[in-house]
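The values are calculated or read from the model by the stated rules, or taken from the named source; none is laboratory data. Predicted model, so just to flag it, every value in this text is computed and none were measured. Every residue, glycine among them, receives a Cβ derived from its backbone with ideal geometry; neighbour counts consider all protein chains shown. Ligands, DNA and RNA are stripped out before the accessible areas are found, and what is left, the full protein with its side chains, is counted by its heavy atoms. Shrake-Rupley method; radii C 1.70, N 1.55, O 1.52, S 1.80 Å.
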Amino acid sequence: MSAILLAMTGAGWDPAEWQARFSALAPRREVRIWPDRVGDPAEIGYVCAWKPPPGLLAQFPHLKAIFSLGAGVDHLTGDPLLPEVPLVRVVDRDLTARMTEHVVLHVLLHHRRLRLYERQQREKIWHEHAQPAASEVAVGILGLGVLGRDAAEVLARIGFRVAGFGRSEKSVPGIETFHGKAGLDAFLARTEILVCLLPHTRATEGMLNLRLLRKLKRDGALGGAYLINAGRGKLQVDVDILAALEEGTLAGASLDVFPTEPLPRESPMWGHPNVIITPHNAGVSDPRALAKNVLTQIERFERGLPLEHVVDPAAGY
Ligand code: NDP
Ligand code: OXD
């Protein structure tokens, strides 16, 4: 039976916790940990990875599949030596629900002006501001994939006017949809709260720039435009976001991801009154849910069934 190798780096990623979960669910399967307990590289059939060092995966001659331990795969696709075996990403209800919580929290926080009321509380000011209904506020989800669609549907149920934008044409009940280069400007022009749930690919890098942000709707019910980025940091141009906040193009931003992570201590983002920072934890990967997800896929594969959620190498997601 092929061994599974866990190869992960970064704060919050504890391979021992993942190994315990894998071993509890599949006690007969050998689960090894990079870098100290790799054993014979020829016995590794599957690698479960989060930000492994480039070149590592090329060292396993009998690798059958690579599992990203997150929904995103840019931490793997950037490896010039990535073996040409199926690359599978996480699609799991647990991860999706966590991301939807994050998106709903931040949409509501801007919609209900929580930052303003926090400032008032510090100054002991009892003052009520006009509050538009959710049905007057246009939220736009950039990236209408697994995560974007779930967040869009929950926001629509709350009552927001929700639209989604993706690469290909889609129809989602209750959600206005836009697609392709031709649809982007119209999508932005009707959007007051822009939620980015796009993957990082060659096509999306640097997309959240001043030119794009200036196309958002600023004269809607909220009286300003907001950005929520929980997709990837390399989509966003930090100096442009700060410029957009400065000139009033953006009234506020919730940023979970940054071009450089952790966000450097000297970044002016930290102290900006209208920026909310979270440490790339919008949708964390919980081994209690995801080890089972990966093992189910391996079992399918070994029974001769096709793997699910395989990344398209040409598209990069
Ligand atoms: P999916 O692959 O299911 O969805 C991606 C969506 O982006 C699709 O709708 C796709 O369009 C669209 N898209 C891709 N490229 C383009 C483009 N160039 N122009 C327009 N639309 C484009 O991914 P998920 O929803 O599962 O995850 C999305 C991303 O969220 C991940 O890649 C990851 O970067 C990020 N993420 C962040 C987390 C965090 O904690 N901050 C946690 C989990 C994920 P189409 O439908 O036409 O293919
Ligand atoms: C992911 C992430 O891609 O956590 O799942 O960023």
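See the values below:
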{"item": "Residue within region 285-295 that is within 12 Å of ligand 1 (Cβ to nearest atom) and surrounded by fewer than 17 Cβ atoms within 10 Å (Cβ to Cβ) present", "result": "yes"}
{"item": "Filter pass, Ala151 being of a type in the set (Gly, Ala, Ser) and either under 20 Å from Gly70 (Cα atoms) or part of a helix (DSSP H, G or I) (or both)", "result": "yes"}
{"item": "Search result, residues across region 95-114 that are surrounded by 17 or more Cβ atoms within 10 Å (Cβ to Cβ) and either within 12 Å of ligand 1 (Cβ to nearest atom) or not β-branched (Val, Ile, Thr) (or both)", "result": "Leu95, Thr96, Arg98, Met99, Thr100, His102, Val103, His106, Leu109, His110, His111, Arg113"}
{"item": "Filter pass, Leu307 being touching a residue at least 12 places away in the same chain (Cβ under 8 Å), closer than 24 Å to Arg211 by Cα, surrounded by 13 or more Cβ atoms within 10 Å (Cβ to Cβ) and out of contact with any Leu (no Cβ under 6 Å at 6 or more places or on another chain)", "result": "no"}
{"item": "Hits in region 60-72 (condition: within 8 Å of ligand 2 (Cβ to nearest atom) and hydrophobic (A, V, I, L, M, F, W, C))", "result": "Leu69, Ala71"}
{"item": "Considering residues of region 227-286 that are charged (D, E, K, R) and without any contact (Cβ under 8 Å) to a residue 40 or more places away in the chain only, the residue farthest from ligand 2 (Cβ to nearest atom)", "result": "Glu247"}
{"item": "Some residue of region 122-140 being surrounded by 17 or more Cβ atoms within 10 Å (Cβ to Cβ), under 20 Å from the mean Cα position of the chain (by Cα) and not hydroxyl-bearing (Ser, Thr, Tyr)", "result": "yes"}
{"item": "Matching entry among Val47, Val31, Val73, Val38 (being buried (at least 17 other Cβ atoms within 10 Å of the Cβ), farther than 24 Å from His309 by Cβ and of a type outside the set (Asp, Glu))", "result": "Val38"}
{"item": "Residue that is farthest from the chain's Cα centre (by Cα), among those in region 264-284 that are open to solvent by 40 Å² or more (accessible area, probe 1.4 Å) and within 16 Å of ligand 1 (Cβ to nearest atom)", "result": "Ile277"}
{"item": "First in region 165-177 and under 16 Å from Leu147 (Cα atoms), second anywhere and polar (S, T, N, Q) and open to solvent by less than 70 Å² (accessible area, probe 1.4 Å), Cβ under 6 Å, 6 or more apart", "result": "Lys170/Thr177"}
{"item": "Test result for Lys51, among the basic types (Lys, Arg), touching a Phe, Trp or Tyr at 6+ places or on another chain (Cβ under 9 Å) and within 30 Å of Leu255 (Cβ to Cβ)", "result": "yes"}
{"item": "Qualifying residue in region 177-199 (condition: of a type in the set (Ser, Thr, Tyr) and within 22 Å of the chain's Cα centre (by Cα))", "result": "yes"}
{"item": "One residue from Asp312, Asp256 being on the phi < 0 side of the Ramachandran plot, modelled with pLDDT of 95 or more, under 19 Å from the mean Cα position of the chain (by Cα) and open to solvent by 60 Å² or more (accessible area, probe 1.4 Å)", "result": "Asp312"}
{"item": "Selection count where residues are within 13 Å of ligand 2 (Cβ to nearest atom) and open to solvent by 10 Å² or more (accessible area, probe 1.4 Å), scope region 76-86", "result": "1"}
{"item": "Subset of region 157-183 [open to solvent by 100 Å² or more (accessible area, probe 1.4 Å), more than 10 Å from ligand 1 (Cβ to nearest atom) and among the charged types (D, E, K, R)]", "result": "Arg157, Arg161"}
{"item": "Residue ID - farthest from Ala315 (Cα to Cα), chosen from residues in region 184-230 that are open to solvent by 10 Å² or more (accessible area, probe 1.4 Å) and polar (S, T, N, Q)", "result": "Asn209"}
